[in-house]
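Note sheet for the following structure.
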Amino acid sequence: MIYLDNAATTYPKPKEVISALTDFVTNCGASIGRGGYKSALSASEMLYECQENIAKLFSIPSPERIVFTKNATEAINAAIFGIVNPGDEIIISSMEHNSVMRSAHEAVRRGAFLKIAHGTPEGKVSPESIEKLISPKTKLICLIHSSNVSGSINDIYSVSRIGKRHGVYTLFDLSQSAGVIPVNAKDFDMVAFSGHKGLFGTMGTGVLYVRNGITLRPLLYGGTGSYSENASMPEEYPDLFHAGTLNAPGIAALNEGVKFVLKEGVYEKEKEITLYLYDLLKEIPSVIIPGERERTSAVSVCVKKADCVMLAEKLSQEDICVRAGLHCAPLAHRTLGTIHSGTVRFSPGFFTEKAHIESAVSAFKKIIEN
Amino acid sequence: MLATVASINSANRLKARLSEKFSVPSHIMQTPSALTKEGCGYSIKFDNNHKNTVEKCAKELHINIRSFFREETKNNNTVYIKE
């Protein structure tokens, strides 16, 4: 099998991640923050260590403000519904995944207003196009760092500065960039990302970071293992967002995944393999690749007069795993001009070898020619 | 001595910083029921003579120590006296 769907979830995982997962389930098994016995305390210490490692990777100044969710979508929901009130305005971009787009539309249904900053046909959203939309009612700007369709990278640092200048909060979706390109979140308001993509954790893990000084309402209410006699949720982070039993095995795996990224410095290898793939695909005459060459690992392609789903199906018959369609990002496909055709997305990862790329591209070429 | 804190996360942060920066050993335990009116909670336990260091460390981390309790043994029972 040649796995080229790392933008959906990375595979395979580093052996350290698998060991951490099985070790937790086999030898610890306790619930985080639920008891004073050794294994329960050790599970809680592991969560703390994971916060510290994530903080190190993203230069986050307050590790305790890193909360664990079940995925990036839940983290994004927590941020949007935690801060936006009826009458507030949200700005999103036309490159957003449905995790942001649908949440923003739900916020509108609840009385907020929505503005959309349009990206270029290359899939980039200029900070100026966002700034132009800001009004006195604007409460939040949500921007995807890197597109899950085109891999285009947005300038979140400029957008963060724009937000600060206008007194508007910013939320950056790092789902495709976390662990894939270096991100310095030191001055950011909020970031959300998956644990199971570039950070090599397992599915069922996501992260939200909220900087000190921002007050959010929790998304879920319930037991936290603290202040049990109080009817209200504790105000302290991360407990405010940790209602219910946490995915401790997943957090243990994520912790090792983050350590792997810190240790291996995966960025250069992922970039090299992505550009190798891009260049080989670009040589095929009937292939169109939306977006610039510089990107994260999503390389989406259209083939003239071909059905993208059928192309992916034929690749699947060759045991090559790619994802076709709209990738839960219809706005992005509209921006890139691929809404009617969809695309076939190839997304390599840290463990993808050049030989895998060569075999996949060669198979793709044959499928197109036939 | 016990210092009661708001959450297990605060307890872990405090314990780690005490060890790394101040070389003060401590361990985490659930706060005895008699010492809290708000249900489940966590404390860190340390030697009595490190109280000032623990206070200083908590301040650095912006961790609110809810109370300090000195541990004594009376008639073979452990009792906690609020400082």
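Derivation of every value follows stated rules applied to the coordinates shown; laboratory data play no part. On a predicted model such as this, the values are computed, not experimentally measured, just so you know. Cβ coordinates were reconstructed from backbone atoms using ideal geometry, including for glycine residues, and neighbour counts include every protein chain displayed.
Put the Cα centre of segment A:265-339 next to the Cα centre of segment B:19-83 and the gap is 57 Å.
Against the empirical curve 2.2 N^0.38 Å, the C-alpha radius of gyration of segment A:41-157 lands at a ratio of 1.20.
The alpha carbon convex hull volume per residue for segment B:2-82 rounds to 85 Å³.
Averaging over all projection directions, the Cα-based convex hull of the protein assembly as shown occupies 23.3 nm² in the image plane. Computed log10 I(q)/I(0) for segment A:15-263 at 0.15 Å⁻¹: -1.01, from the Debye equation with unit scatterers placed on every C-alpha and solvent omitted.
For chain A, what is the percent of antiparallel DSSP beta bridges, rounded to the nearest 5? List each step's numbers first, then the result.
Working: 18 of 37 bridges.
Beta bridges within chain A, antiparallel portion: roughly 50 percent.
Averaged over its residues, how many other protein chain Cβ atoms are within 10 Å of peptide A:227-239's Cβ atoms? If you average over the peptide's residues, the count of other-chain Cβ atoms is 3. Shown for A:MET203, A:MET46: other C-beta atoms within 10 Å of each C-beta, ranked fewest to most, produce the order A:MET203, A:MET46. Once the mean of 1/r is taken over each pair of separate Cα atoms and inverted, segment A:237-319 shows a Kirkwood hydrodynamic radius of 16.6 Å. Only Cα sites of segment A:167-220 enter the Debye sum here, all with the same form factor; the resulting log10 I(q)/I(0) across q = 0.12, 0.26 1/Å is -0.30, -1.08, listed in q order. Normalising by residue count, segment A:132-277 has a Cα convex hull of 139 Å³ per residue. Taken as Cα centroids, segment A:148-203 and segment A:40-116 sit 11 Å apart, rounded to the nearest whole angstrom.
Most simply put, segment A:99-238 has about 45% antiparallel DSSP beta bridges, counting only bridges with both residues inside it. Here segment A:212-370 is treated as a sphere whose radius is the Kirkwood value from Cα pairs; by Stokes-Einstein at 37 °C and 0.692 mPa s it diffuses with a coefficient of 172 µm²/s. The local environment of A:ARG65, defined by Cβ-Cβ distances under 13 Å, has a net charge of -3 under the rule Lys, Arg +1 and Asp, Glu -1.
So what's segment A:209-250 giving for Cα Rg divided by 2.2 N^0.38 Å, two decimals?
Details: Rg = 10.8 Å, N = 42, 2.2 N^0.38 = 9.1 Å.
Normalised by 2.2 N^0.38 Å, the Cα Rg of segment A:209-250 equals 1.18.
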